[in-house]
Structures are given as C-alpha cells and as structure tokens.
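> Here it is, the structure in full.
The values are calculated or read from the model by the stated rules, or taken from the named source; none is laboratory data. Keep in mind that this is a model prediction, so the values were computed, not measured. Every residue, glycine among them, receives a Cβ derived from its backbone with ideal geometry; neighbour counts consider all protein chains shown.
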Amino acid sequence: MGAIALLVAVTGLPMPAQAVTQIRLFDIDYRDCPPEMAKGTVTTDGSAMAANCFLVFGKTENTSARPVYNADIFGRVLDANDNPAMQNRTRLGAIEEVPIGIGEFELRITVPANQPTPLKLVQFKASGFSGRVRR
C-alpha cells in the first residue's frame, strides 16, 4: 500500500493533490562570488581540489495562480570547451519561494579551478509545488 493510501486509510481524510509547477528561468548569467563566499574546494574521490566560486543569477516566471515553494533548479554548466563543469549533476540547488509572476533567483556553485571559463549555462529550468514540502 502506498504512503498516501495508507495515510487516507489511517486518518480517513483525503490528501489534497499537489501538482508540480514548472518555472521558466531566463536572463541567466553568473559572476564571481564575493571574497567572503569564495572559499571552496571540490572533493573528487576523497581528494580536495582548488575550486572557483560563482553566483548564478537570473529571473523566474511563475505563471500559476500560487507561489511555488522549494523549487528545484536544474541545468547544465559547461566550461569554455563545452565540457561539463559539474560532473553528473543537473540539480544545482533550490529556490525557497518563487512568487507569482516575475521574480529573481541566485544560486552559489563551485567549479573545479582547472575548468576554463567563460562558463556556459544551458537548459536551466525549475519546478516545485504550490504547497510547502518538507525537506
């Protein structure tokens, strides 16, 4: 029996359905982290490597009728040679709350220092729920 079916069976109360809301991300760019945020390393196979810190920022468009909470940000970060700068990662972070209409977001990423810049930010999108989701 699924968790929701079990909860309905135990409580007798139907659970409200929460659909995933897609959020458009646009005007995406990045800049170096300020010095107080820039200290970082990337661990690969247990060894630490020098890393560069960047803030990815842009705008959100929520066309639903409700704010969206805990929206996961997905995208690909490529180096100047079109190689993945963040291996095996497409989920890059989350936006705590996406307002109705146009909003803004900012996300910190660390990239191995040996990845040549400028970075290319491609296929960025976000999705979340209209109700709060426990993490």
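> For Val10, are the conditions met, namely being touching a Phe, Trp or Tyr at 6+ places or on another chain (Cβ under 7 Å), of a type in the set (A, V, I, L, M, F, W, C) and at pLDDT below 95? It would help to see each step written out before you state the result.
Values: touching a Phe, Trp or Tyr at 6+ places or on another chain (Cβ under 7 Å): no; of a type in the set (A, V, I, L, M, F, W, C): yes; at pLDDT below 95: yes.
No; evaluated as a whole, the condition is false for this residue.
> Just a yes or no: is a residue in the stretch 57-64 at pLDDT below 90, small (Gly, Ala, Ser) and more than 19 Å from Thr117 (Cα to Cα)?
no
> A follow-up question, please. With the requirement that a residue be part of a strand (DSSP E or B), basic (Lys, Arg) and under 19 Å from Met49 (Cβ atoms), what does the stretch 60-119 give you?
Answer for the stretch 60-119, where residues must be part of a strand (DSSP E or B), basic (Lys, Arg) and under 19 Å from Met49 (Cβ atoms): just Arg108.
> Next question. For the subset of the stretch 24-43 comprising residues that are at pLDDT below 75 and in a strand (DSSP E or B), which member is surrounded by the fewest Cβ atoms within 10 Å (Cβ to Cβ)? Give the derivation first.
If we filter the stretch 24-43 for residues that are at pLDDT below 75, which is where we start, we get 38-43.
From what's left, in a strand (DSSP E or B): 41-43.
Working: Thr41: 13, Val42: 18, Thr43: 9.
Per the stated criteria, the residue is Thr43.
> Without any contact (Cβ under 8 Å) to a residue 24 or more places away in the chain and either under 22 Å from Arg24 (Cα atoms) or small (Gly, Ala, Ser) (or both) - does that describe any residue in the stretch 99-120?
Taking the stretch 99-120 and keeping what is without any contact (Cβ under 8 Å) to a residue 24 or more places away in the chain, we get none.
Within the stretch 99-120, none of the residues are without any contact (Cβ under 8 Å) to a residue 24 or more places away in the chain and either under 22 Å from Arg24 (Cα atoms) or small (Gly, Ala, Ser) (or both).
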